[in-house]
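Note sheet for the following structure.
The values are calculated or read from the model by the stated rules, or taken from the named source; none is laboratory data. Bear in mind that the values here come from a model prediction, so they are computed numbers and not experimental data. Here the Cβ is made from the backbone with ideal geometry for all residues, glycine too, and neighbour counts use every protein chain on show. In case anyone asks, the SASA skips ligands and DNA or RNA and just uses the protein heavy atoms, side chains included. Shrake-Rupley method; radii C 1.70, N 1.55, O 1.52, S 1.80 Å.
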Amino acid sequence: MQDLLSKEPVLERFFNYVAYDTQSKLGAKNSPSSSGQLTLAKHLQQELVALGLQDIVLSKHCVLTAFLPSNVDLNAPTIGLISHLDTSPDCSGKNVQPEVIENYRGGDIALGIGEEFISPVYYTFLHQLIGKTLIVADGNTLLGADNKSGIAEIMTALYRLKTENLPHCNIRVAFTPDEEIGLGMQFFPFDDFPCDWAYTIDGGAVGELEYENFNAASAKVTFHGRNIHTGSAKNKMINALALACEFQQSFPQAETPENTEQREGFFHLNHFSGDIEKAELHYLIRDFDGAEFEKRKQFIRNLVDQFNQQKHLPKLIELELTDSYKNMYEAVKQVPQSIALADLAMKQCGITPNHKLIRGGTDGAWLAEKGLACPNIFTGGYNFHSKHELITLEGMKDAVNVIVKVVELATQKSFS
């Protein structure tokens, strides 16, 4: 395997980066939420210095930015390349032990000592990867392809641009913390990151190009009960748990994540806690369409009002409704060349573009709210956030080639 690493710079970088434990932590009071993210950022800072990039800044909140001026025309567009440092809190990212499977022949993939398997019975995309070089973890952790593959791909592309003196536009690079917990952009230096448009390198299978995501909000519904001894509870007890169950039954049962796909929105009950005196329900509200999104928020407002009126207790149920992020397509459609350029770059690299929806969020959605169009380009990875995460070497090399081609094509007048 050492020979393979020495021959494949993107793979060598990837193995280096996944050795850092950068798992973000829900509920953390500091940014970044984990110290490993800052450790990796400092390492990347030194790599950027060694490559000769300019304006390299690592903020106290672990946002690392840098600039590479065009070697063709300083009036060429400025394109941002962005990936995130953290891995998901859903699965451990400590002591990742990556394994390489060369020339995958099909069938089940045993991870580590074989207690965990990746099977094409459940993951049918594996049939398309026969003959590829796969990178997996050992079954105890996630791999970290989300998003250390994106970081490795950007860094490898920068290395090629510099060492091979390849033509390129102005490039701004950003590596951000805590994307997985929705906090990657809260300290982003928008004013110091001027771009004509940008790309997150954070997608999945080869060819994926994403520029539409959910509009998102969260709701916390609090139920206030009254606990009375069960022997004398008639007409006195108010059971907050029972109220919460009744409330949940009022939602359309077909509009949940497990019953929807593509552009279909949903309500998702993702946390339930409490006792007789107080209970809380936490919901995610998602929809691609802005008008339908507002209807979903109004539905839950009306439901709270209805319950309070029916029970004749105006503060029996309280609602906290918070917008999370918006569909980035509203910004991207103002800069259609951001999509056209990525499409053309993929085609010139022999890749068929596959425009997909993001049934979730992305740092690009936060950037879009600031007016910066930021589609999402593939990394070559699969099964993110799990022990079954994997990526192909060929996919990573394809991503590097596309990045290099994007910044080359951007120097042409048709994209200025």
Practice problem: For N308 and C245, calculate 0.36 nm times their separation in residues minus their Cα-Cα distance, and state this gained length in nm to one decimal. | Solution: 21.2 nm
Quiz item: Could you state the number of Å between the C-alpha centres of segment 84-101 and segment 373-416?
Solution: 20 Å
Exercise. Rounding to the nearest 20 debye, state how big the charge dipole of the chain is about its Cα centre with +1 on each Lys and Arg Cβ and -1 on each Asp and Glu Cβ.
Key: 800 debye
Quiz item: From the residues L357, L40, G274, which one has its Cα farthest along the dipole of the chain in the positive direction, the dipole being from +1 and -1 charges on Cβ of Lys/Arg and Asp/Glu about the Cα centre?
Solution: G274
Exercise. Treat each spin label as a single point 7 Å out from the Cα along the C-beta direction, and report the A19 to Q186 distance in nm.
Key: 3.2 nm
Quiz item: So who's got an amide H within less than 5 Å of the one on Y199, skipping anything under 5 residues away but keeping other chains? H placed 1.01 Å off N, in plane.
Solution: G80, L81, I82
Quiz item: Of all DSSP beta bridges in the chain, what percent run antiparallel (nearest 5)?
Solution: 75 percent
Practice problem: Express the accessible area of the chain per residue in Å², computed with a 1.4 Å probe while the remaining protein chains stay in the model. | Solution: 45 Å²
Quiz item: Based on the Cβ-Cβ distance from Q337 to N270, what FRET efficiency comes out when R0 is 41 Å, to the nearest 0.05?
Solution: 0.60
Quiz item: Between T124 and T163, what is the spin-label point distance in nm, taking each point 7 Å from the Cα along the Cα→C-beta axis?
Solution: 4.1 nm
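In debye to the nearest 20, how big a dipole does segment 47-138 give about its Cα centre with +1 on each Lys and Arg Cβ and -1 on each Asp and Glu Cβ? Before the final figure, lay out the partial values.
Numbers: 4 positive and 11 negative charges, 32 e Å.
It comes to approximately 160 debye.
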Quiz prompt | Test item: Cα-centred dipole of segment 19-95, Lys/Arg +1 and Asp/Glu -1 on Cβ, debye | solution = 340 debye
Quiz item: What order do H282, H127, H84, H229 take when sorted by accessible area (1.4 Å probe), most exposed first?
Solution: H229, H127, H282, H84
Quiz prompt | Under Karplus coefficients 6.51, -1.76 and 1.60, residue-wise ³J(HN,Hα) of segment 331-341 in Hz, glycine/proline x | solution = 7, 5, 5, 7, 10, x, 5, 5, 7, 4, 5
Exercise. With a Förster radius of 35 Å, plug the Cβ-Cβ distance of V100 and D289 into 1/(1 + (r/R0)^6) and report the FRET value to the nearest 0.05.
Key: 0.20
Quiz item: If you stretched the chain out fully between S414 and T322, how much longer would it get, using 0.36 nm times the residue separation minus the C-alpha to C-alpha distance?
Solution: 29.0 nm
Quiz item: In segment 166-228, what trypsin sites (Lys or Arg not before Pro) fall in a loop by DSSP, with at most 11 other Cβ atoms inside 10 Å?
Solution: none
Exercise. Just the number, please: percent antiparallel of the DSSP beta bridges in segment 1-150, rounded to the nearest 5.
Key: 90 percent
Practice problem: State the extension gain, in nm to one decimal, for the chain segment bounded by L51 and S6, taking 0.36 nm per residue of separation less the distance between their alpha-carbons. | Solution: 14.3 nm
Quiz prompt | Distance between modelled label sites at K29 and K370, nm, 7 Å Cα→Cβ extension | solution = 2.7 nm
Quiz item: Once phi is turned into ³J(HN,Hα) by the Karplus curve 6.51 cos²θ - 1.76 cosθ + 1.60 with θ = phi - 60°, what whole-Hz value does each residue of segment 402-411 show in order, with x for glycine and proline?
Solution: 5, 4, 4, 5, 4, 6, 6, 4, 5, 7
Practice problem: Would you pull out the residues with amide H under 5 Å of R226's amide H, same chain only if 5 or more places away, H placed 1.01 Å from N? | Solution: I238, N239, A240
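Which order do the peptides 297-303, 151-157 come out in when sorted by mean C-beta neighbours inside 10 angstrom, highest first?
Output ranking for 297-303, 151-157: 151-157, 297-303.
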Quiz item: Hey, if you put +1 on the Cβ of every Lys and Arg and -1 on every Asp and Glu Cβ in segment 208-364, which of Q306, Q248, A345 ends up farthest toward the positive end of that dipole?
Solution: Q306
Practice problem: Could you work out the relative contact order of the chain, using alpha carbon pairs under 8 angstrom and six or more residues apart, expressed as a whole percent? | Solution: 23 percent
Exercise. Specify the inter-centroid distance of segment 175-248 and segment 32-64, based on alpha-carbon positions, in whole Å.
Key: 29 Å
Quiz item: How about segment 270-318: which GluC sites (Glu not before Pro) there are in a DSSP loop, with at most 11 other Cβ atoms within 10 Å of their Cβ?
Solution: none
Self-check item: Greater than 30 Å apart at Cα, pairs in K297/K347; K7/K347; K42/K162
Solution: K297/K347
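What part of the accessible area of the chain, given as a whole %, is carbon or sulfur when the probe is 1.4 angstrom? Display every interim value, and only then the final one.
On the way: 8780 of 18790 Å².
For the chain, the apolar C and S fraction of the accessible surface comes to 47 percent.
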Exercise. Please name which of Y123, L142, M155 has its Cα lying farthest along the dipole of segment 117-183 towards the positive end, using unit charges on Cβ (Lys, Arg +1; Asp, Glu -1) and the Cα centre as origin.
Key: M155
Exercise. For K295, go through the aspartates and glutamates and keep the ones whose alpha-carbon is under 17 Å away, minus same-chain ones fewer than eight residues off.
Key: E255, E264, D287, D305, E320, D323
Exercise. Enumerate the amide H contacts of E208 below 5 Å, restricted to partners 5 or more residues apart or on another chain; note that Pro and chain-start residues carry no placed amide H.
Key: N354, F378
Self-check item: Coil-residue GluC sites (Glu not before Pro) of segment 1-102, DSSP, other Cβ within 10 Å capped at 14
Solution: E102
